[in-house]
Amino acid sequence: MITNIDNWQQLAEQCLIKGNYAQAASLYEQAIEQEPSIISYYWHLGLLLLLKGEEAEAQMIWMLPLAEADTEHLPKLTNELFQLLQTEAERREKLAEYSLAWLIRQHMREINPSYINNLLQILIFSLKLEKFEEIDDLNKWGLIESLKAKEDVEIDIELLIQVLKEFLNNIPLNPINLNLIEASLPYFSDTHQCFSILLPAAMQIGHTLRQPMLAASILELHLRLEPDNVEILRHLATFYQDACNYSQGIETARLCYSLSEALADKIFALHLLLRGLMSAGGYWQAICTTCQELETVYKQFIQAQPISLEEGRILRLLTPSFAIPHIKDTPADFRAIHNKVAEIFYTDIQALGQSQDKNYHRPIVKYQALSTSTKKLKIGYVSYALRNHSVGWLARWLFQHHDRDKFDIHTYFVNYKLVNDHLQEWYLIQAGKARKLGMNGLEIADKIYQDEIDILVDLDSITLDITSEVMALKPAPIQVTWLGWDASGIPAIDYFIADPYVLPEDAQNYYTEKIWRLPKTYIAVDGFEVGVPTLRRDDLDIPMDAVVYLSAQRGYKRHPETTKWQMQIIKEVPNSYFLIKGLAEEETIKRFFYQIAEEEGVDCSRLRFLPQVHSESVHRANLGIADIVLDTFPYNGATTTLETLWMGIPLVTRVGEQFAARNSYTMMMNAGITEGIAWTDEEYIEWGVRLGRDEALRQQVALKLKASRQTAPLWNGKQFTREMEKAYEQMWQRYIEGK
């Protein structure tokens, strides 16, 4: 029997804290027997039974005083019980005992279903405990309706922020989830607070998880608060374009440009506009006008230096250059502008690094006693594209054939995300020491520096701003650009890998990097996986004896002048058809081709537009439907050219001056094929017509290509790797000799 009230209650409290719920419950049962009118005893006993796992019994105990209470006192009693449970739930939360906190709060919800802060806490715990069925009950709970009503709502804004962060980071979005975000927006008096939650989440969903329309849906909600937020519009334009919603992406980019005032902002807005126009394909007049405007603003930006920029604006400086070589083949003029912008980028990034105490300089004396004969060189590869991507398909032979006895390989995966991507999984095995990294350039550079990489190889060039930032910070003593695009022009990069063909002899005059020409080819593969074709001529209503031309490039590379040459070829070759494949806006690209076909006197019924296939091996197999592939200009195919040659299909290419206009040329030379290499516009048409009319010539080229698989440098990944490794050794030797 309880004789001292203070002592037994202290004892019960100690039992509760120690988890001895049965003993504590026994004490409260005795107390109720002695003083059945003290209501608080029932609340404590019910709580202890709940903690013991006896939920039904707990509810029965709580109901005893509630059933006997009159209407006037009932709210007071339920509030007392609610407060007791809340105190215990908060204690459990501090102890990180989330299961118990979640359980207690579920009973609080039964007592007061409309208390929003408790519902928000339940959501947080449901996410932590992965009780996603609870999240599906959002509508049933009435949380969204209560938030929308905004009547008598005393909401904990910090708690709401925590819910949204957890929500956006942990569960797949669906309309119900978006409704929760939408209903929460009016509670943000500070729009920047909302911006800081929604934008990072949208970037994660749109870029890393590759769900651009979901990301766009989030940003559309924020635009209700700030319709003219240029940063939101930038990302929104990108997500629309990534989701192939080109018209909306173009219009959003135009709005972004009209609202941009600073030169750096205008540059990137023009990039977004070009990105949308070129991805859609066919908007040629607008593309040329926008490109001209971009070059003008670039020149204004260069003349206006110095301009103080924060990191975000610095990072956006280089990528816009990507569009210009798709439009014209004037590398000396292009690089005169681009290299100056790259120098500004480098200077600003270096200053940013110094402001954060990032100094990656290593005294050369540390290495001077270590020649290539005594040192195992540490080679680092950095890229976001070592996955199901053109770079991923082409770089794998270098990784596979590396001599691990002589070279210590490190690979830095930028914006790594665990996805179902067998090529990424392959790279993780072949990568040597793999670093799975995010999108922070300073952190990536730190990792590279800490690993003491000797030669850092950039596979992205300017196609990813984060990689450009890493290279500009110069975390390795020797830095090289290979494969991903043309040279970036960043002064921190020492060498650009080329070969005897892919750049003209005078190219060094306008490159800041030292052009390192490998003896034969700058790229080689051992081959490609080829699946089962899904295309047949009869499916496309094409006669079996017809001559089939094919062009398989995305909208970016569709140039009206090249398309005119292609139509002139079709016109000159009887019983010929033209297959067009590549990612673009379907109706826009059809209008583009139909208009040029009509201008050149070609019946549009001879054109066929092919759907995309989701398997690279099937795409390659389907190339076999073509008799001749017609390359693009001034931006050639690269991966598609290699695939065409591997499949033994004759190719017609126009050779230009810039790197992008000579890719197919070097690949054909390194496959031992000169038939189809054109040095003028007229030669392009002549080769296309000749190959179309001369079946014997086509067969001869196909046989040469088939035989080249055993002999040509283009198909010898192992020999290419040895040449790359020799280049690395020579670069190192030059470095330690101070050259």
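Summary table
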quantity	calculated
Scope the range 298-308; condition surrounded by fewer than 20 Cβ atoms within 10 Å (Cβ to Cβ) and of a type in the set (A, V, I, L, M, F, W, C); matching residues	I302, A304, I307
Wholly within the range 456-535, strands (runs of 3 or more DSSP E) carrying at least 1 residues that are in contact with a helix residue (DSSP H, G or I) (Cβ under 8 Å, 6 or more places away or on another chain), under 29 Å from I444 (Cβ atoms) and hydroxyl-bearing (S, T, Y)	478-481, 495-498
Tabulated pairs, the range 504-526, first surrounded by fewer than 21 Cβ atoms within 10 Å (Cβ to Cβ), second basic (K, R), C-beta under 7 angstrom, 6+ apart or interchain	Y510/R335; Y511/R335
Residue match in the range 702-719 (condition: more than 34 Å from the chain's Cα centre (by Cα) and part of a strand (DSSP E or B))	no
Single match in E57, E90, E80 (criterion: farther than 30 Å from S184 by Cα, assigned to a helix (DSSP H, G or I) and either at pLDDT 90 or above or touching a Pro at 6+ places or on another chain (Cβ under 8 Å) (or both))	E57
Condition check for S390: hydroxyl-bearing (S, T, Y), closer than 19 Å to D494 by Cα and assigned by TED's automatic domain parsing to the domain that holds T481	no
Test set (1) in contact (Cβ under 8 Å) with a residue 24 or more places away in the chain; (2) surrounded by fewer than 20 Cβ atoms within 10 Å (Cβ to Cβ); (3) not aliphatic (A, V, I, L, M) - F413 fails condition number	(2)
Strands (runs of 3 or more DSSP E) wholly inside the range 583-683 containing at least 3 residues that are buried (at least 17 other Cβ atoms within 10 Å of the Cβ)	628-630, 651-654
Check on K564, out of contact with any Leu (no Cβ under 8 Å at 6 or more places or on another chain) and closer than 17 Å to D458 by Cβ	no
Considering residues of the range 424-455 that are among the β-branched types (V, I, T) and assigned to a helix (DSSP H, G or I) only, the residue farthest from A492 (Cα to Cα)	I429
Number of the exception - A67 against (1) exposed (fewer than 14 other Cβ atoms within 10 Å of the Cβ); (2) modelled with pLDDT of 90 or more; (3) part of a helix (DSSP H, G or I); (4) of a type in the set (G, A, S)	(2)
Filtered residues of the range 472-490 (kept if touching a residue at least 40 places away in the same chain (Cβ under 8 Å) and either in contact with a Leu (Cβ under 8 Å, 6 or more places away or on another chain) or under 14 Å from L317 (Cβ atoms) (or both))	A472, L473, P475, A476, I478, V480, W482, L483, G484, S488, G489, I490
Selection count, the range 77-100, where residues are over 14 Å from I124 (Cα atoms), touching a residue at least 24 places away in the same chain (Cβ under 8 Å) and among the aliphatic types (A, V, I, L, M)	4
Within the range 184-225, tally of residues that are surrounded by fewer than 18 Cβ atoms within 10 Å (Cβ to Cβ) and outside any helix (DSSP H, G or I)	6
Residue list for the range 416-437, restricted to those being touching a Lys or Arg at 6+ places or on another chain (Cβ under 9 Å) and polar (S, T, N, Q)	Q424, Q430
Residue check, S247 within 22 Å of A472 (Cβ to Cβ) and of a type in the set (G, A, S)	no
Boolean, F578 is among the aromatic types (F, W, Y) and without any contact (Cβ under 8 Å) to a residue 60 or more places away in the chain	yes
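The values are calculated or read from the model by the stated rules, or taken from the named source; none is laboratory data. The structure displayed is predicted, hence computed values, not measured ones. A quick note on method: Cβ atoms are made from the backbone with ideal geometry, for glycine too, and the neighbour counts reach across all protein chains shown.
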